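See below for the structure under consideration.
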Amino acid sequence: DYVVVKMIPDNRLPPRHLHSVLTGKTFAVIKWESPYDSPDQDMLYAVAVKDLVRKTDKIYKVKTRNSTVEYTIKKLEPGGKYHVIVQLGNMSKESSMKINTVPLSAPDALKIITENDHILLFWKSLALKESNFNESRGYEIHMFDSLMNITAYLGNTTENFFKVSNLKIGHNYSFTVQARCLYSGQMCGEPATLLYDELGTGEDSSASRSGRSTDVAAVVVPILFLLLVTLGIGFVVLYMRHRRLQNSFTAFANSHYSSRLGSAIFSSGDDLGDEDDEAPMITGFSDDVPMVIA
């Protein structure tokens, strides 16, 4: 014997497995499952988004019969902090989570130009790559003194440069430029960092490595080129001297070659001073030696 029992769905249960799938600068994709498996009717969800920075609330409604629900929350702010609550429309038990959106990118091409009594920081406009950034928001600049181990806020600007004065000799500084923080420093952009050494030359870590490698290459390459040219000239000179010596020896040997003897005749060093001995020695032929004519 058996009996079939059908459980009555409890609409007071909270949504299950609420989590974030993808988070961007101005949106977030969240996902959850229905309070029970295989709903037999459309279910109305309330998605409440609380802005923890601005202290504002927004409520969205989602109606679906799917067991798994995916929803995209739009019109968020870069670098924002949000508290998301999902529950059924009848105000049942809720599921919640926190979301932090991606902040604005750091400004590109941060450089330093050294003047007589101050330096100038330059960077590219953040609006060139961030459509959500308005130049009226501006940038803020911080400075870290490694010798004193202190960080100072230098100010903000809506321009793409900033003047820094009263730097101390022998100190190393780190400058950061980022999109200006909003709402008491709670919504900031990513900082771009630049090092400024005690000699007064500003450089970031990657630029310093590439700059030093470029300077080394500028010195080493000409030296190697000169060495190669010198070696080439040396080989040419040695080759020409070898050819001249070979030609001189060949001419000398030919001038002392005796076709009768089939070899070259050289005098010894003892005979160099006697001019009479330079005449060739003539010897007669014996009658009993046969002459063979080839």
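Results, tabulated for the structure shown:
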| read-out | value |
| --- | --- |
| Dipole magnitude of the stretch 16-100 about its Cα centre (Cβ charges: Lys, Arg +1; Asp, Glu -1), debye to nearest 20 | 440 |
| Computed log₁₀ I(q)/I(0) - Debye formula, equal Cα scatterers, no solvent, the stretch 1-40, q 0.14, 0.17, 0.31, 0.35 Å⁻¹ | -0.51, -0.63, -1.05, -1.16 |
| Karplus 3J(HN,Hα) series, Hz, for the stretch 78-85 with 6.51 cos²θ - 1.76 cosθ + 1.60 (x for Gly, Pro) | x, x, x, 10, 9, 10, 9, 10 |
| Long-range HN-HN contacts of Asn172 with modeled amide H, under 5 Å | Ser146, Leu147 |
| Length released on extending from Asp197 to Glu70, taking residue separation times 0.36 nm less the Cα-Cα span | 40.6 nm |
| Gain on full stretching of the segment that runs from Glu33 to Val221 - 0.36 nm per residue minus C-alpha separation | 61.1 nm |
| With every protein chain in place, the stretch 108-197: carbon and sulfur % of accessible area (1.4 Å) | 51 |
| Segment Ile113-Tyr183, length gained on full extension (0.36 nm per residue, minus Cα span) | 22.0 nm |
| Where labels lie 7 Å past Cα in the beta-carbon direction, separation of Gln41 and Leu228 in nm | 8.5 |
| Largest to smallest principal axis extent of the C-alpha atoms in the stretch 108-197, angstrom | 40, 26, 16 |
| Reciprocal of mean inverse Cα separation for the stretch 16-100 (Kirkwood radius, Å) | 13.1 |
| Virtual spin-label span in nm between Arg12 and Asn149, 7 Å along Cα→Cβ | 5.8 |
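The values are calculated or read from the model by the stated rules, or taken from the named source; none is laboratory data. Bear in mind that the values here come from a model prediction, so they are computed numbers and not experimental data. Every residue, glycine as well, gets a Cβ built from its backbone with ideal geometry; the counts of neighbours run over all protein chains shown. Please note that ligands, DNA and RNA were not included when accessible areas were found on the heavy atoms of the full protein model with its side chains. Shrake-Rupley method; radii C 1.70, N 1.55, O 1.52, S 1.80 Å.
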